[in-house]
Each structure stands twice: as C-alpha cells, then as structure tokens.
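Written out below as structure tokens is the structure these notes cover.
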Amino acid sequence: MDKPRGKDSFSLLYRTGFRINYALLHVMGPASQTLETDPQHRAKKEYERRRGLHRAWKAHRRSEQHDRA
C-alpha cells in the first residue's frame, strides 16, 4: 500500500487548513443547510475519509515492519 498523496494526502498542511476552514465555516459560514449541501459537513466527511486512508496506510506499514522482525 502506497502512502496517500495528492487529493488523498493527510499532511500537516491539510490538517491545519482544515481546522482553520472548519472554524471559519462555524463562525462565518452559511446558515444551517441539509447535510448534502452543508459545506461544514462536507469538509468533515472529507477529513474523516483522508484520516481513514492515513490510518489504514499506517496500520499496513506497521504490519510490514512487524513481519520483517
């Protein structure tokens, strides 16, 4: 399994940008909308998707290192 890159990256820059964006949407974002159109909800879903990919990659990497030992 390769490390997630590009649109799947979970880098420090992405995580920092997400937190700033999420906070700004909370304070100055649009009024409550349906789950499909709410930008704050969409950002959270994308964050969780990327975090899941990153965790799966880390678990795979750990299992490979454990197998080598």
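Each reported figure results from applying straightforward, stated rules to the coordinates on display, with no laboratory input. All of these numbers come straight from a predicted model, not from anything done at the bench. Note that each Cβ is placed from the backbone with ideal geometry, even for glycine, and that neighbours are counted across all protein chains shown.
Diagonalising the gyration tensor over the Cα atoms of region 9-68 and scaling each eigenvalue by 5 before taking the square root yields semi-axes of 32, 12, 5 Å, largest first. Does anyone have the angle between helix 12-28 and the longest principal axis of the chain? Alpha-carbon axes, 0 to 90°, nearest 10? So the helix axis and the longest Cα principal axis differ by about 20 degrees. By the rule of a C-alpha distance below 13 Å, with chain neighbours fewer than 8 residues away ignored, the aspartates and glutamates paired with Lys58 are Asp2. A cut-off under 13 angstrom between Cβ atoms defines the neighbours of Lys58, and their net charge, with Lys, Arg +1 and Asp, Glu -1, is +4.
Axis of helix 39-68 versus longest Cα principal axis of the chain: the two differ by about 10°, to the nearest ten degrees.
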